[in-house]
Structures are given as C-alpha cells and as structure tokens.
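Written out below as structure tokens is the structure these notes cover.
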C-alpha cells in the first residue's frame with residue numbers, strides 16, 4: 001500500500017490531471033465526500049488531501065509515503081526526513097521581496113512582514129542585512145501601507161495584488177513550483193513501487 005498526500009486548492013487542481021496521465025485517478029464522488037482517506041482506481045494506492053503546510057509533516061513522519069507540495073512549503077518545513085524527487089513544474093510562482101516604490105531598503109534594520117519566516121531570515125542574513133521579522137498569516141500587502149513593515153516577503157503570481165496596493169516586486173528570493181517528495185524510510189522499504197510511480201510520472205511530464 002502506498003499513501004500519497006496532496007495539497008488542497010490550486011496545487012490539487014493541477015496535480016489531478018498529472019496523476020491521471022500516470023494512471024492514477026480519484027472519482028468525483030470520492031473528491032466530494034467527507035472522507036479523509038480517499039480510494040483511487042488502484043487498490044494499492046490511497047490519497048489524503050490536506051493543507052499544503054501539513055504535507056511535508058505527514059510525509060516526514062511516515063503517515064504518507066509520497067506527497068506533493070510547493071517549494072515554499074518545503075523551505076519553511078526544512079524537509080527533514082524527506083527526499084525531494086521531482087520538480088513537477090506546476091503551480092509556478094515566485095517568492096519575492098516587495099515594497100512601496102519609494103521605500104529605502106538599505107538603511108538600518110529592515111522590518112519584514114511575512115509568513116515565510118525561515119526563507120526571509122535566510123535570504124536577508126545571506127546578504128548580511130539586519131532584519132526584524134514580523135510573522136503574519138495573511139493580508140501581507142497591508143503591512144507596508146499602514147507602516148507595520150518596510151517590505152514583505154510573499155508569493156507573487158501575476159503581481160496584480162501588489163499593483164492594486166501600490167507595491168512593487170523588488171528582489172527574487174526563489175522560483176517556486178510543486179515538488180514530489182517521499183518519506184526517506186519508505187524510499188528504502190518500498191523502493192520498487194515508488195520507482196515505478198516515479199517513472200510513470202516522469203514519462204508524462
């Protein structure tokens with residue numbers, strides 16, 4: 001038995017067609033049900049659909065053998081006990097620093113609002129810049145507007161939300177896409193099964 005952890009939302013929408021090409025499908029009835037563990041067309045594979053931030057946690061602790069999660073989530077998690085196998089090239093966006101057009105980011109200690117605390121700290125520290133990180137769960141764009149922070153670190157897709165709030169992307173931290181990950185122990189004990197799936201997915205990318 002293999003268990004695959006999938007992220008809710010946009011990643012799921014782009015993942016399902018990819019899995020179907022590889023021969024794995026989940027019926028609409030299963031997707032619409034309130035079940036937490038979903039059956040697939042293959043008896044030996046089950047799927048769980050959970051919050052994106054929980055995917056690497058489930059995989060790390062062996063509650064799922066495989067998972068699909070965004071690189072942003074993996075960077076924050078630290079990916080202990082997890083191997084990143086394939087860049088699936090879906091759900092692409094950019095992790096960026098953004099601020100008001102006239103904001104000076106080169107003086108003193110920067111106040112940075114973000115939910116990507118580890119990534120932001122690592123980026124600014126690698127440049128030798130002093131920062132105070134303010135952790136937010138949402139509405140990041142509001143922070144520079146009301147003076148809570150000098151800049152934000154957030155995912156940028158079209159950039160429309162930044163424009164609407166008179167912010168501009170300043171610096172690229174990381175290109176983001178969804179990755180297929182595996183529990184390190186499962187990779188040893190279920191190696192042939194997992195490799196079969198890797199080959200099927202690679203063949204259909």
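The values are calculated or read from the model by the stated rules, or taken from the named source; none is laboratory data. All values derive from a computational prediction rather than experimental measurement. No Cβ is skipped: glycine too gets one built from the backbone with ideal geometry, and neighbour counts run over all protein chains shown.
Here's the yes/no breakdown for (1) in the same structural domain as residue 101 (by TED's automatic domain parsing); (2) within 22 Å of residue 52 (Cβ to Cβ):
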| residue | (1), (2) |
| --- | --- |
| 144 | yes, no |
| 154 | yes, yes |
| 181 | no, yes |
| 185 | no, no |
Considering 128, 89, 78, which residue is over 16 Å from residue 156 (Cβ atoms), surrounded by fewer than 20 Cβ atoms within 10 Å (Cβ to Cβ) and in contact (Cβ under 8 Å) with a residue 60 or more places away in the chain?
-> 89
Checked the range 136-170 for anything touching a residue at least 60 places away in the same chain (Cβ under 8 Å) and in a loop (DSSP other than H, G, I, E, B); matches are 157, 166, 167
Output the qualifying pairs, or none if there are none: Cβ atoms under 8 angstrom, residues six or more apart or on different chains, first residue in the range 108-120 and on the phi > 0 side of the Ramachandran plot and at pLDDT below 95, second residue crowded, with 17+ Cβ neighbours inside 10 Å and assigned to a loop (DSSP other than H, G, I, E, B).
-> none
Quick one: in the range 104-120, which of the residues that are in contact with a helix residue (DSSP H, G or I) (Cβ under 9 Å, 6 or more places away or on another chain) and surrounded by 16 or more Cβ atoms within 10 Å (Cβ to Cβ) is farthest from residue 9 (Cα to Cα)?
-> 110
Out of 45, 4, 49, which single residue is over 21 Å from the mean Cα position of the chain (by Cα) and surrounded by 15 or more Cβ atoms within 10 Å (Cβ to Cβ)?
-> 45
The correct count of residues that are outside any loop (DSSP other than H, G, I, E, B) and over 16 Å from residue 91 (Cβ atoms) in the range 5-49 is 14
Output the number of residues of the range 54-72 satisfying the condition of being more than 24 Å from residue 20 (Cα to Cα) and not in a loop (DSSP other than H, G, I, E, B).
-> 3
How about the range 137-154: which of its residues are under 17 Å from the mean Cα position of the chain (by Cα) and surrounded by fewer than 19 Cβ atoms within 10 Å (Cβ to Cβ)?
-> 137, 138
